[in-house]
Structures are given as C-alpha cells and as structure tokens.
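What follows is a set of notes on a single structure, which appears directly below.
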Amino acid sequence: KTTMSASQRKALNLVFMNLLRQLERKDPHEIFKFPVNDIIAPGYSSVIKYPMDFSTMKNKIVTNRYDNLDEMKADVEQMVENCCIYNKEDTIYYQMAKKLLASATKIFSKDRLASMLRSLS
Ligand SMILES: COc1ccc(C(=O)NC2CCC2)cc1-c1cc(C(C)=O)n2cccnc12
C-alpha cells in the first residue's frame, strides 16, 4: 500500500469533499446527514450492524480514511443498504434511499469524475 504525498492527499480530499457536497444536495430532508438513533428509529442499532451517514463520511475524509473513490462509494452503498433493510419498501425513507443511489451512480460515473478532475486541475 503506497503512501501518497501530502499534496496528493490534499487533492484527493478535495475530490472527496466535492463528491460529498454533490451527494448531500440530493438529501434535502437531511435524513442521511447524521447517524440514525434508536429514538427516531426504534431498534435501529440492533438491526443495522454497519451504520453510515454523511457526517461520518465527512469525518473519514478529514482523517484520511479513504484511499480511493471505491472506498467512499462503498460507504454510500452501505448507507443506502442500511436504509432499505430497516425501512419497508412503502416508506419515504426507502424511496429516498433508492433515489440517492441513482444519483450516486451518476455522481461516481467515469465521465462525471473526468469532467470534475478537469475542472479541478
Ligand atoms: C438522521 O436521521 C433522520 C433525521 C431526520 C429525519 C426527519 O426529519 N424526517 C422527516 C423528513 C421526512 C420526515 C429522519 C431521519 C431518519 C433517517 C432514517 C434512515 C436513514 O433510515 N430514518 C429511519 C426512520 C426514522 N427516521 C429516520
């Protein structure tokens, strides 16, 4: 596992933060903004083994826990999967998770990433 230089890490974190901002814009009700707790979602912590939310992802970016885009995308997919496990198909949460997944697929697509990298260089 090659360690990247400080400037490479800085550039990569800029990309991660840019992607996170795009994702958060797709969550206007902010249901993915903070960790879900057992008060608003009874039994959540006993059902969901690997919780994930945007604030945790932001913390992982600033503490250099992501080494590549796939690792960040995996956390978005985990967050969506958790939401579709805990919430029934006919809930707004389930539907919001599906919409976020569709947006994330576009946001992480090759051509979107290429155009973002061009604009950052
Ligand atoms: C950080 O989590 C939340 C924060 C705020 C809200 C909330 O304001 N919900 C109102 C906006 C639509 C109803 C919901 C949630 C929420 C997320 C979730 C998820 C992500 O499963 N959830 C599940 C059951 C009940 N509430 C929630």
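Counting every C-alpha pair in the chain, the share spaced more than 21 angstrom apart comes to 40%.
Less than 15 Å Cβ to Cβ from Ala11, Lys/Arg counted +1 and Asp/Glu -1: what total charge do the surrounding residues give?
That sum, taken over residues with Cβ under 15 Å, equals +2.
Students often check this: by mean Cβ neighbours within 10 Å, which of 93-100, 77-84 ranks highest, and how do the rest follow?
77-84, 93-100
For the residues Asp111, Asp75, Asp53, a GNM of the chain with alpha-carbon springs under 10 Å puts the largest fluctuation on Asp111. Each residue of the stretch 61-72 was assigned a 3J(HN,Hα) from its phi angle through the Karplus curve 6.51 cos²θ - 1.76 cosθ + 1.60 (θ = phi - 60°); the sequence is 5, 6, 9, 6, 8, 9, 9, 7, 5, 4, 5, 6 Hz, with glycine and proline shown as x. Note on Ala41 and Arg118: the extension gain reaches 23.5 nm, defined as 0.36 nm multiplied by sequence separation minus the Cα-Cα distance.
With a threshold of 27 Å on the Cα-Cα distance, the over-threshold entries among Lys60/Lys88; Lys49/Lys88; Lys10/Lys99; Lys49/Lys110; Lys33/Lys88 are Lys60/Lys88; Lys10/Lys99; Lys49/Lys110. Residue-wise HN-Hα couplings along the stretch 43-59, as the Karplus relation 6.51 cos²θ - 1.76 cosθ + 1.60 with θ = phi - 60° gives them from phi, are x, 4, 5, 8, 8, 9, 7, 10, x, 8, 7, 5, 5, 5, 5, 4, 5 Hz; Gly and Pro carry x. A cut-off under 13 angstrom between Cβ atoms defines the neighbours of Tyr44, and their net charge, with Lys, Arg +1 and Asp, Glu -1, is -1. The phi torsions of the stretch 16-28, fed into the Karplus equation with coefficients 6.51, -1.76 and 1.60 and a -60° offset, translate into couplings of 4, 5, 5, 5, 4, 4, 5, 5, 5, 5, 8, 10, x Hz, rounded to whole numbers, with Gly and Pro shown as x.
Every number here is computed from the coordinates shown, using simple stated rules; none is lab data. Every value quoted in this text rests on a predicted model; they were computed, and no experiment measured them. Cβ coordinates were reconstructed from backbone atoms using ideal geometry, including for glycine residues, and neighbour counts include every protein chain displayed.
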